[in-house]
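S.K.: Next up is a structure, given as structure tokens.
The values are calculated or read from the model by the stated rules, or taken from the named source; none is laboratory data. What you see is a predicted model, and the numbers here were worked out from it, not measured in a lab. Positions of Cβ are backbone-derived with ideal geometry, glycine not excepted, and every protein chain shown enters the neighbour counts. Heavy atoms of the whole protein, side chains included, go into the accessibility calculation; ligands, DNA and RNA do not. Shrake-Rupley method; radii C 1.70, N 1.55, O 1.52, S 1.80 Å.
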Amino acid sequence: MSMPHRLIGIAVVMAALAAAPGPVHAAATVPIASFAASPRFQAASAASGEPATFLIDVRNFNERAPLPVSFELADLDERGWITAPHTTPYSLVGLATLPEPMTFGPGETKRVAVVVKSDGRTHYGSVVVVAGPPGAPFARIALKIVITAPDAAAEPDIQVTPASSGTIKLDLRNTGDGLLSLRGVIFLLSPDNRFLGRLDVPLVAILPHGSASITLQWPEKLPSGTIARTVLTQEGRKPFVVNATVP
Amino acid sequence: MRLPRFFAATLLIAALAVPLEQGEAANPTMAVSPAATSFAEDVNSPGSGWTFGTGAAWFPAVWSDNAAYTYTSCVRVSAANANGNSSWSAEYTTSPSTSLHVGLAVAGTASCGTPAAAGTDIGNSSFTTLNQTGNATAYYYVVVQPTVAVSSTVTISLTFKVQSTAATLAITMSPGNAIAVTITPSSAGLLEDVTLSAGNNSGWAFAAGKPWIPGTTWNDNSAYTYGTGAAGCFTVSVRTSVQNWNLSAFYTTSPTPSKPINVALAQAGTGSTCNAPAAAGTVIGSSPATVLANQGGTQTVDYYVVVQPALAVTSNVAVTMTFTAQ
């Protein structure tokens, strides 16, 4: 006796893009949802009561189907990852005006504006671009925006930890109200100051009162006593040097 | 015999007075305007002059169609004092060495227009002959197509040459700042069958022995892989130049079933590779779970979507997975 069947439908929708039916051949029947947003990061200064405008480009990469897009606001934690809105002291909630939901035509690109009214203090958060039908989006892209007072300054606090494995970890903190943008170079020196090599520190932006960690890898083991001399530059400021030694 | 001083001076004056033969006395010159320009490269940028696809008539035929840049205003190149039959040529170099294509599409001679014919693919450190000779002025679209998203600033030196003289356009290309997310396929329909019988399972599997079934948190009585084999994957592609990005996922159901549905993502490969996952999948819930962390640049990841209804559903249920790139 065969086992009774209970065939019940379940639809798994990985993206609810309302794709138009394509041609019959197989390659065209695979639905694709694709969109882009930029820039990932923007910062501006504004005096209290003044607005700052952040322009965002959004593109529907689907050349066949329209794409509904909406915008949400989220907070950022101290490391710059999104968290629930209105949960941090730097939240943009109440200050930012988001674009209304809109539908992009196939392949269409639009530039929209997010306006943030300054209250004279530092605020930051994420404008989350949500792609797909309301209630069933297929993807979100989190863009970060920062607004500071015109005189806000960053205060870097850097710790460099080189290890014999060749790993060099940079723990970066910004204790100021301004945005901290750093880039630099790590010079590796022998204990008697002979040059062994260098590693570039990529550009990193650290939120006001935020932190970040960067791990760089030297391709060889580092002998005990090797000096990691880290020279970091901040736009418009003198470079500063942090020395650390491989234990 | 020594020439009288007066005679020598007379010869010199006479020589200087002879009209110059065209093309032999004055050195040829070449000029490029502007001499330098810059743009933010972004093969994922939604705007700012980047175009995608081969729809433009001037797109060099030998290029792939996934990314292209048009230099938004013309580059004016002119040559003077050149031999009439001497061909122009051009080459480019990059610093640091970067994989990209450079093309030149003629946009006019008297003025800057729109290129009507396919551009010429220019050689990397190797001069390519252009369809232009002698004394002339030409306007070009410089088309740049990075083959990979750059993560640091690149200088492209585009050199035009006629005879032995040359002029260079320096293009500074900085990394872009966009993120693009692509889901393929973006929807699929699965016929759930928790009462599996041989020959009628349509891809449903009931064994917990599969390495990609999430650990101990799931029962082993019912599970589904989104298809099987090479066709079983769906692909999430994040195209970007930015570093240190994360991708997370969560899911919702509509309508809400009487019993929960377990959902997991098991990595089945990268790029165009789709194999049976070798490791336990990441359980996806109603709040975002990180599936990719600390990524840099473009990444394409293939997944099995593993769905395990706790109870047979009695009507269609839409399971929507949402990916967040940040």
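S.K.: What single numbered condition from (1) modelled with pLDDT of 95 or more; (2) surrounded by fewer than 14 Cβ atoms within 10 Å (Cβ to Cβ); (3) in contact with a Pro (Cβ under 9 Å, 6 or more places away or on another chain) fails to hold for A:L55?
M.R.: All conditions pass for A:L55, except number (1).
S.K.: Only one of these is open to solvent by 20 Å² or more (accessible area, probe 1.4 Å) and under 21 Å from the mean Cα position of the chain (by Cα): A:K238, A:K144, A:K221. Name it. It would help to see each step written out before you state the result.
M.R.: Details: A:K238 fails: under 21 Å from the mean Cα position of the chain (by Cα); A:K221 fails: under 21 Å from the mean Cα position of the chain (by Cα).
On inspection, the qualifying residue turns out to be A:K144.
S.K.: Mind checking which residues of the range A:214-247 are without any contact (Cβ under 8 Å) to a residue 60 or more places away in the chain and among the small types (G, A, S)?
M.R.: A:G225, A:G236
S.K.: Within the range A:109-158, how many residues turn out to be within 30 Å of B:Y251 (Cβ to Cβ), within 14 Å of chain B (Cβ to nearest Cβ) and not in a loop (DSSP other than H, G, I, E, B)? Before you say what the answer is, go through the steps one by one.
M.R.: Of the range A:109-158, the ones within 30 Å of B:Y251 (Cβ to Cβ) are A:109-110, A:112, A:114, A:124-145.
Next, only the ones that are within 14 Å of chain B (Cβ to nearest Cβ) stay: A:109-110, A:112, A:124-145.
Narrowing further to those that are not in a loop (DSSP other than H, G, I, E, B): A:109-110, A:112, A:124-131, A:139-145.
Adding up the residues that qualify gives 18.
S.K.: Let me ask something else. Determine whether B:V143 is at pLDDT below 90, open to solvent by 60 Å² or more (accessible area, probe 1.4 Å) and closer than 28 Å to A:A36 by Cβ.
M.R.: On the way: at pLDDT below 90: yes; open to solvent by 60 Å² or more (accessible area, probe 1.4 Å): no; closer than 28 Å to A:A36 by Cβ: yes.
Criteria not met by B:V143.
S.K.: Considering each of B:V154, B:V102, B:V144, B:V150 in turn, give the residue that is within 14 Å of chain A (Cβ to nearest Cβ) and more than 23 Å from B:G84 (Cα to Cα). Break it down into steps so the answer makes sense when it comes.
M.R.: Working: B:V154 fails: within 14 Å of chain A (Cβ to nearest Cβ); B:V102 fails: within 14 Å of chain A (Cβ to nearest Cβ); B:V144 fails: within 14 Å of chain A (Cβ to nearest Cβ).
One residue alone meets the criteria, B:V150.
S.K.: Here's another thing I want to ask about it. Which one of B:V313, B:V319 is among the β-branched types (V, I, T), surrounded by 17 or more Cβ atoms within 10 Å (Cβ to Cβ) and in contact with a Pro (Cβ under 6 Å, 6 or more places away or on another chain)?
M.R.: Values: B:V319 fails: in contact with a Pro (Cβ under 6 Å, 6 or more places away or on another chain).
Selected residue: B:V313, the only one of B:V313, B:V319 that is among the β-branched types (V, I, T), surrounded by 17 or more Cβ atoms within 10 Å (Cβ to Cβ) and in contact with a Pro (Cβ under 6 Å, 6 or more places away or on another chain).
S.K.: Continuing with this model, one more query. Got a sec? Which of B:N200, B:N177 is within 7 Å of chain A (Cβ to nearest Cβ), at pLDDT below 75 and assigned to a loop (DSSP other than H, G, I, E, B)? If you could, list the steps in order and put the result at the bottom.
M.R.: Values: B:N177 fails: at pLDDT below 75.
The unique qualifying residue is B:N200.
S.K.: Among the strands (runs of 3 or more DSSP E) confined wholly to the range B:259-326, which include 2 or more residues that are over 21 Å from A:L143 (Cβ atoms)?
M.R.: Numbers: elements: B:261-270, B:282-284, B:289-296, B:299-309, B:318-325.
Here the list reads B:261-270, B:282-284, B:299-309, B:318-325.
S.K.: Let me ask another. Within the range B:125-140, can you find the residues that are surrounded by fewer than 17 Cβ atoms within 10 Å (Cβ to Cβ) and of a type outside the set (A, V, I, L, M, F, W, C)?
M.R.: B:S125, B:S126, B:T129, B:N131, B:T133, B:T137
S.K.: For the range A:39-73, what are the residues that are within 21 Å of A:L180 (Cα to Cα) and among the hydrophobic types (A, V, I, L, M, F, W, C)?
M.R.: A:F41, A:A43, A:A44, A:A46, A:A47, A:A52, A:F54
S.K.: Here are some conditions: (1) open to solvent by 10 Å² or more (accessible area, probe 1.4 Å); (2) of a type outside the set (F, W, Y); (3) within 13 Å of chain A (Cβ to nearest Cβ); (4) over 30 Å from B:T153 (Cβ atoms). B:T300 meets all but one. Which one does it not meet?
M.R.: Just one mismatch for B:T300, condition (4).
S.K.: Within the range A:71-97, how many residues are closer than 21 Å to B:F323 by Cα and open to solvent by 30 Å² or more (accessible area, probe 1.4 Å)? Break it down stepwise before answering.
M.R.: Taking the range A:71-97 first, the residues closer than 21 Å to B:F323 by Cα are A:71-77, A:79-85.
In the following step, the residues that additionally are open to solvent by 30 Å² or more (accessible area, probe 1.4 Å) were identified as A:72-73, A:77, A:79, A:81-85.
Count: 9.
S.K.: Tell me the strands (runs of 3 or more DSSP E) entirely within the range B:112-163 that contain at least 1 residues that are more than 30 Å from B:I179 (Cβ to Cβ) and of a type in the set (F, W, Y).
M.R.: B:136-146, B:154-162
S.K.: A further question on this structure: List pairs: first in the range A:98-115 and within 14 Å of A:V127 (Cβ to Cβ) and at pLDDT below 95, second open to solvent by 40 Å² or more (accessible area, probe 1.4 Å) and assigned to a strand (DSSP E or B), Cβ under 6 Å, 6+ apart or cross-chain?
M.R.: If the second residue must be open to solvent by 40 Å² or more (accessible area, probe 1.4 Å) and assigned to a strand (DSSP E or B), the pairs left are A:R111/A:L55.
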